[in-house]
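Novice: Structure below; questions to follow.
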Amino acid sequence: MNYGNKEEVKARVNELTEILNEANYNYYVLDNPTITDQEYDKYYRELVNLEDAYPEFSYDNSPTKRVGGEVIDKFNKIVHERPMLSLANVFNEDEIRDFDSKIKNAGFKPEYVCEYKIDGLSVALIYEKGKLVRGVTRGDGVTGEDITHNVKTIKVIPLTLKEPIDIEVRGEIFMNKKTLEKLNEQRAKEGLPLLQNVRNAAAGSIRQLDSSVTAKRELDNFIYYLPDPDKFNIKTHMEALEFMKSLGFKVNPANRLVSDIDGILKFIEDITEKRNKLPYEIDGVVIKVNDIKMQEELGYTAKYPKWATAYKFPAEEVLTKLKDIIFTVGRTGRITPNAVLEPVIVMGSTIRRATLHNEEYVLAKNLKIGDIVSIRKAGDVIPEVVEAKFERRTGEEKNFVMIHECPMCHSPLHKFPDQVDYYCMNPNCPKRNIESIIHFVSRDAMNIEGLGDEIVEELYNLGFIRNILDLYYLENKKQAIMEFDGYGERSVNKILDNIEKSKNNSLERLLFGLGIKEIGTKTAKLLASTYHNMDALMNATVEDLESIRDIGSVTARSIFEYFKTHKELIEELKKIGINMDYLGVIKGVSENITGKRFVITGTISDMGRKEIKDIIESYGGKVSESVSKNTNVVIVGENPGSKYNDALNLNIPIWNEEKLHDVLNNL
Ligand code: IVH
């Protein structure tokens, strides 16, 4: 086609865009094709050709961009304008009734909307003047990742809305069951590992730097939430759903308005039956108060809206064979029996192992090797062996026999009086050593990035590290390490850098990392902030330690004993240059805190307000009482006050407990 001038080209580009967007909408969202594939291809090719010839008219939002191709080098972090909250869970009728009663007791007479709880990952979609400008993952609810390039490849997500408005909507990106099957067939042919379930598959597909990979994954989407209904004068959730549908979004046609608890129960009963026939995976039902004003009055906890809840289907149980029981050794020498199972899929993921905790647990369940056992898994919860099916026994099963020697170093195991666990007492047991180093470098301890469990084990087995001290001498072995496969100069340098950096950690990280019995992150912090440096702590008597609030006699004795027997190790660590001081009282610099104004509202579960304030101030931040437009961050705990609403109204970034810990752990 020939065009007289650029205006004509532009007009044709717009026209083709509209035709293709409309065709796409009818096909993918309404499942009602209006033009043939051939026609679609013809228009599509015409648009591609025009965009090639006139790059100035090749817009970001063109339907030709659906195939992907944009490659980013990292995911940018984006703070949500309003936090993306999660939902509280209920598991049975009683708990649903409780949810309803609480709302009624607050003086409301609610109607509810029942929706399927889609098993995928949530996304926030932001449109300006009707054009998709950003797609963001939930992340920690406060900060998510920019996945715009990938979102654009999802055909059911409109690039252009039917009205040129500014709006944010939220919903679930998911993969249909058939799509996963097809994908896994393909992956099997290519010898690639299979994707475990629809949720992992969707999450993995959206976390691609190269959007052409995402484009091939055929992701789907339902929109279920409008964060700012007031802006559009919308009064009920049903209206919001209707409105979003009218803008071109795919809204689940199964959503239902019900007038009371019986309606909810009926909805759940119906879908429990039909669930397996759905083309997509759901893990429950979301129940939402329909009236927006009522929602606002009911309000929020730090994590959840009080006006909505998620009913989760009961955990799925499946049968499989207990092939063997093997024993593993932990950092403290504790021996754990583990079930080796005939691989079986439960709730979409393959289960091969399950912990059996200890000897008593196995004996109480009367498990025998060769038994058919039922396995249960609820959502993200660790799978467990429920029971053996005694009626399926053949007589061929073998009794479980507890071991009395360490499976790694063969030293005799020890059982303390009144305890159920057996311990390997050999301080030089290789497995214990490996686990201790893994613990020392872990995130809440010295936080040495790049040293994953497998690398630690390998470096140990190759003889490069035998204990935590050796980590700090790895620098000298750099050339030798690089001789081995998988240890390129860049990655080795990174690890060495991170090891070096860890020398400056505050005392509590070291205390936790040493793996002293009874000392978790909280006690480590308490000890560090009480004694300020290692020497003072090492000089403390059992009585001194016991006098600290929250430290009991068992913990006090364990700390005392540890230092009595590890003086040399501590001296060595000092010599290496590892910081032995609590840095909480010394001013440091943090890009998240220094120079910023904070307001705290609600209760943070394991920290006092004073403690948070001290840390912020020691890093050059300010804590004030009320929220104003000068506030940079509002920290929101359980049962927050009106400051939370002020923050929402003023669009001030909010940190929930998780985010707060994240920042503090990385100081
Ligand atoms: S509403 C403030 N509706 O479930 C309300 N969530 O466990 C926000 N989900 O993070 C959520 N289907 O990823 C809502 N129909 C639905 C849903 C749904 C799935 C997911 C969503 C959320 C999680 C909470």
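Novice: Are any residues in the range 78-94 of a type in the set (Asp, Glu) and touching a residue at least 24 places away in the same chain (Cβ under 8 Å), and if so, which ones?
Specialist: If the condition is that a residue be of a type in the set (Asp, Glu) and touching a residue at least 24 places away in the same chain (Cβ under 8 Å), then GLU81, GLU93 are the ones that fit.
Novice: Closer than 30 Å to ASP140 by Cα and free of Cβ contacts under 8 Å to residues at least 24 places away in the same chain, is that true of ASP31?
Specialist: no
Novice: In the range 546-630, which helices (runs of 4 or more DSSP H) lie fully inside it and hold 3 or more residues that are of a type in the set (Asp, Glu) and closer than 30 Å to LEU474 by Cβ?
Specialist: It comes to 567-576.
Novice: Here is a further query. Of all residues in the range 383-400, count the ones that are part of a loop (DSSP other than H, G, I, E, B) and surrounded by fewer than 10 Cβ atoms within 10 Å (Cβ to Cβ).
Specialist: Residues that pass the stated criteria total 3.
Novice: Looking at HIS566 and the list (1) over 30 Å from the mean Cα position of the chain (by Cα); (2) buried (at least 16 other Cβ atoms within 10 Å of the Cβ), which single condition is not satisfied?
Specialist: For HIS566, the exception is condition (2).
Novice: All but one of (1) out of contact with any strand residue (DSSP E or B) (no Cβ under 9 Å at 6 or more places or on another chain); (2) within 29 Å of ASN197 (Cβ to Cβ); (3) touching a residue at least 24 places away in the same chain (Cβ under 8 Å) hold for LEU16; which doesn't?
Specialist: (2)
Novice: Follow-up. Anything in the range 285-305 that is basic (Lys, Arg), more than 9 Å from the ligand (Cβ to nearest atom) and at pLDDT 95 or above? List them, or say none.
Specialist: If the condition is that a residue be basic (Lys, Arg), more than 9 Å from the ligand (Cβ to nearest atom) and at pLDDT 95 or above, then LYS293 is the only one that fits.
Novice: Specify which of the listed residues (ARG45, ARG12) is loosely packed, with under 13 Cβ neighbours inside 10 Å, more than 25 Å from VAL136 (Cβ to Cβ), modelled with pLDDT of 90 or more and not aliphatic (A, V, I, L, M).
Specialist: On the way: ARG12 fails: loosely packed, with under 13 Cβ neighbours inside 10 Å.
From the options ARG45, ARG12, the qualifying one is ARG45.
Novice: Kindly provide the set of residues from the range 307-354 that are within 16 Å of the ligand (Cβ to nearest atom) and either more than 22 Å from the chain's Cα centre (by Cα) or in a strand (DSSP E or B) (or both), ordered by number.
Specialist: Matches in the range 307-354: TRP307, ALA308, THR309, ALA310, TYR311, LYS312.
Novice: When you scan the range 226-248, do you find a residue that is of a type in the set (A, V, I, L, M), under 25 Å from the mean Cα position of the chain (by Cα) and within 14 Å of the ligand (Cβ to nearest atom), even just one?
Specialist: Scanning the range 226-248 turns up at least one residue that is of a type in the set (A, V, I, L, M), under 25 Å from the mean Cα position of the chain (by Cα) and within 14 Å of the ligand (Cβ to nearest atom).
Novice: Can you tell me which residue is farthest from LYS312 (Cα to Cα) among those in the range 75-96 that are away from the ligand (no atom under 16 Å from the Cβ) and surrounded by 15 or more Cβ atoms within 10 Å (Cβ to Cβ)?
Specialist: Ranking the qualifying residues of the range 75-96, first place goes to PHE75.
Novice: Kindly indicate the residue of the range 206-225 that is of a type in the set (A, V, I, L, M) and within 15 Å of the ligand (Cβ to nearest atom) and also farthest from THR64 (Cα to Cα) among those meeting that condition.
Specialist: The qualifying residue farthest from THR64 (Cα to Cα) is ILE223.
Novice: Go through the range 96-129 and give me each residue that's in contact (Cβ under 8 Å) with a residue 40 or more places away in the chain and not in a strand (DSSP E or B).
Specialist: The answer is ILE96, ARG97, PHE99, ASP100, LYS102, ILE103, ALA106, PHE108, PRO110, GLU111, ASP119, GLY120.
Novice: Output the number of residues of the range 161-176 satisfying the condition of being away from the ligand (no atom under 16 Å from the Cβ), in contact with a Leu (Cβ under 9 Å, 6 or more places away or on another chain) and either at pLDDT below 95 or of a type in the set (D, E, K, R) (or both).
Specialist: 2
Novice: Further question: Which members of the range 9-26 meet the condition of being out of contact with any helix residue (DSSP H, G or I) (no Cβ under 8 Å at 6 or more places or on another chain) and either part of a loop (DSSP other than H, G, I, E, B) or more than 16 Å from VAL48 (Cα to Cα) (or both)?
Specialist: Result: GLU22, TYR25, ASN26.
Novice: Name the residue that is farthest from the ligand (Cβ to nearest atom), counting only residues in the range 249-259 that are in contact (Cβ under 8 Å) with a residue 24 or more places away in the chain and more than 18 Å from LYS131 (Cα to Cα).
Specialist: At the first step, the residues of the range 249-259 found to be in contact (Cβ under 8 Å) with a residue 24 or more places away in the chain are 249-252, 254-259.
Filter once more, so that each one left must be more than 18 Å from LYS131 (Cα to Cα): 251-252, 254-259.
Working: VAL251: 10, ASN252: 7, ALA254: 10, ASN255: 8, ARG256: 12, LEU257: 14, VAL258: 14, SER259: 19 Å.
By that ranking, first place goes to SER259.
Novice: Name the residues in the range 493-518 that are touching a helix residue (DSSP H, G or I) at 6+ places or on another chain (Cβ under 6 Å) and either crowded, with 17+ Cβ neighbours inside 10 Å or free of Cβ contacts under 8 Å to residues at least 40 places away in the same chain (or both), would you?
Specialist: Residues satisfying the conditions are LEU496, ILE499, LEU507, GLU508, LEU511, PHE512, GLY513, GLY515, ILE516.
Novice: Let me confirm something: among HIS566, HIS661, which residue is closer than 16 Å to LYS525 by Cβ and not polar (S, T, N, Q)?
Specialist: One residue alone meets the criteria, HIS661.
Novice: Further, regarding this structure: For the range 125-143, give me the residue count where each residue is in contact with a strand residue (DSSP E or B) (Cβ under 7 Å, 6 or more places away or on another chain), within 13 Å of the ligand (Cβ to nearest atom) and closer than 17 Å to TYR304 by Cα.
Specialist: Total meeting the criteria: 2.
The values are calculated or read from the model by the stated rules, or taken from the named source; none is laboratory data. On a predicted model such as this, the values are computed, not experimentally measured, just so you know. Backbone-built Cβ (ideal geometry, glycine too); neighbour counts: all protein chains shown.
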